[in-house]
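Visitor: Quick one: the structure is below, and I'll ask about it shortly.
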Amino acid sequence: MNETLGELGREEFPLQPQENQHLECVLETEGLRRSLQGLGSLVTTSAVGRQTVASGEGMRQAVVGQPTAVTVTTKDKDGELVKTGSAAVVAEVTAPDGSTAHGHVVDNRNGTYELLYTLRAEGDHLLSVTLYGQPIRGSPFRVRAARPCDLSQSPDDVRRRVKSPGSGHIRQKAVRRPASMYSSGKRKENPIEDELIHRVGSRGREKGEFSNLQGISASGNNRIVVADSNNQCIQVFSNDGQLKLRFGVRGRSPGQLQRPTGVTFHPNGDIIVADYDNRWVSTFAADGKFKSKIGAGKLLGPKGVAVDRNGHLIVVDNKACSVFIFQSNGKLVTRFGARGTADRQFAGTLDGPHFVAVNNKNEILVTDFHNHSVKVYNSDGEFLFKFGSHGEGNGQFNAPTGVAVDANGNIIIADWGNSRIQVFDSSGSFLSYINTAADPLYGPQGLALTSDGHVAVADSGNHCFKVYRYLQ
């Protein structure tokens, strides 16, 4: 024991624990990646000021103390419509005394913006609209502000001024949009003559409300049917705006709607619906019950739809830049069109041709959105003629959408980018426009003639449809 203790006493033991030489760095990148994703996103737009345009009566006139709106449509350097938002649009109003105020800008996230401003004094104001600090086309605009009493009118004045539908032929003389409340220096009693009968709906998801309505059609038995695109349903109203029926549920199975865009009535009373995202056309009975579908596997993005005098379904394929003609049983009769600018072609990067109508000669009229024209074909798809060009003047278009034909063969066109409705004769010569000044349209899409002779238009940007007087 003494020897063992002695050996242990002679041993040297460390007073502190020893350390090894190992060192390793472990990177936890997953948490960092999740954090970086939440920092934001890169936003850009191809919009330029010199091509961007404004529309609406708010560019010319306003009522003191009442909100006034102007629609700005952004375009790229080539004059093509920009479909994305987030551009830096600024509106500034300069009063007669030199004071300035900024207007409120609403980004609709589709390349269009709504400018809202309220003037507090009478007289001439300057409305300056800039995009990334550069003035848009025509800016600054001279706006004349008047007192509300200057715009007052009695119901008797309206009845004396407006003819009833069917009381005469459509106005044959080209009429310019009013440039000013006081075009001759003499104050007018009724400076704004609007042909609006009623406005139906507002933004929302409930019955009678809309979110980006697109196609609209009317039947001969007092019915107006609307394709409520973002709410993924069809809503049916009487001619006086009373909701009668709502159907459609989001989905991809037969009878469910994914993104209804075009809609029309079949002569037998059925409702035909072009479903853009489901890539087919569905047929529903008048009570909303699903009956059949056609075009699955053939269509890429059906938008407009019409029925010709032979009972054939005319379908405008927005993505394929083509027009399909089907028998009612779904058999393909013919197809024509491709991407391009020729007579039998339709332009489009993301958006090709939009809507279609059939006239009393069984000819097919197609709105060529990006070619800013309307093209007319015979029932076999052979090109006949076209009309329209890019611009803001009478007979010109800034991306036409809805199309309808009256009993006399006159052609009614919704001018999307210019937010107006124009009327042409059967050969495509400009006749007139439907005055929408008092409650301006905002990106109109589909339109139709009602059974009582009025024009119904899907006012997509305002999430409602409007019915206007129309003299045939």
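Visitor: Report the relative contact order of the chain, percent, no decimals, based on alpha-carbon pairs under 8 angstrom and at least 6 residues apart. Before the final figure, lay out each step's value.
Guide: Details: 1216 pairs, mean separation 54.0, N = 472.
Value for the chain: 11 percent.
Visitor: Could I ask something else about it? If eta is 0.692 mPa s and T is 37 °C, what Stokes-Einstein diffusion coefficient results for the chain, Kirkwood Rh from Cα pairs, in µm²/s?
Guide: Numbers: Rh = 24.6 Å.
So the translational diffusion coefficient is about 133 µm²/s.
Visitor: While we're here: Of all beta bridges DSSP finds with both residues in the chain, what is the antiparallel percent, to the nearest 5? It would help to have the intermediate numbers written out before the result.
Guide: Details: 112 of 119 bridges.
Here the antiparallel bridges make up roughly 95 percent for the chain.
Visitor: Another one. Averaged per residue, what accessible area in Å² does the chain show with a 1.4 Å probe, protein chains only? Intermediate results must be reported in sequence, preceding the final value.
Guide: Working: 22800 Å² over 472 residues.
That works out to 48 Å² per residue.
Visitor: So what is the relative contact order of the range 245-386, in percent, for Cα pairs below 8 Å that sit 6 or more residues apart?
Guide: Values: 379 pairs, mean separation 19.3, N = 142.
Rounded, it is 14 percent for the range 245-386.
Visitor: Right, another one. How would you classify the range 244-356 from its alpha-carbon gyration tensor, with a ≥ b ≥ c the square roots of the eigenvalues: rounded for a/c under 1.5, else prolate if a/b is greater than b/c, otherwise oblate?
Guide: Values: a/c = 2.05, a/b = 1.51, b/c = 1.36.
The shape class here is prolate.
Visitor: Kindly provide the trypsin sites (Lys or Arg not before Pro) of the range 287-334 that DSSP labels as loop, not H, G, I, E or B, and whose Cβ sees at most 14 other Cβ atoms within 10 Å. Don't skip to the end; give the middle numbers.
Guide: Details: sites: K289, K291, K293, K298, K303, R309, K319, K331; in loops: K289, K298, R309, K319, K331.
Passing both the DSSP loop test and the Cβ count: K289, R309, K331.
Visitor: Tell me the carbon and sulfur percent of the accessible area for the range 340-404, rounded to whole percent, probe radius 1.4 Å.
Guide: 45 percent
Visitor: So, one more: What does the range 330-375 give for Rg and for Dmax, in Å, if only its C-alpha atoms count?
Guide: Reported Rg and Dmax, both Å: 11.3, 32.
Visitor: Which pairs break 28 Å Cα to Cα here: K207/K375; K83/K298; K244/K361; K293/K466; K207/K291; K289/K361?
Guide: Values: K207/K375 36 Å; K83/K298 26 Å; K244/K361 33 Å; K293/K466 30 Å; K207/K291 23 Å; K289/K361 32 Å.
Flagged as over cut-off: K207/K375; K244/K361; K293/K466; K289/K361.
Visitor: Applying a 10 Å radius around every beta-carbon, put 408-419, 335-346, 230-241 in order of their mean neighbour count, most first.
Guide: Details: 408-419: 23.0, 335-346: 16.6, 230-241: 19.7.
Taking the mean over residues of other Cβ atoms within 10 Å, the ranking is 408-419, 230-241, 335-346.
Visitor: If you average the C-alpha positions of the range 56-117 and of the range 342-398 separately, how far apart do those two centres end up, in angstrom?
Guide: 30 Å
Visitor: Please enumerate, by chain and number, the aspartates and glutamates with C-alpha under 16 Å from the C-alpha of K319, excluding those fewer than 8 residues away in the same chain.
Guide: D275, D277, D351, D368
The values are calculated or read from the model by the stated rules, or taken from the named source; none is laboratory data. In this text, all values refer to a predicted model and were calculated from it rather than measured experimentally. Note that we place each Cβ from the backbone using ideal geometry, even for glycine, and neighbour counts take in every protein chain shown. Areas reflect the complete protein model, heavy atoms only, side chains present, ligands, DNA and RNA absent. Shrake-Rupley method; radii C 1.70, N 1.55, O 1.52, S 1.80 Å.
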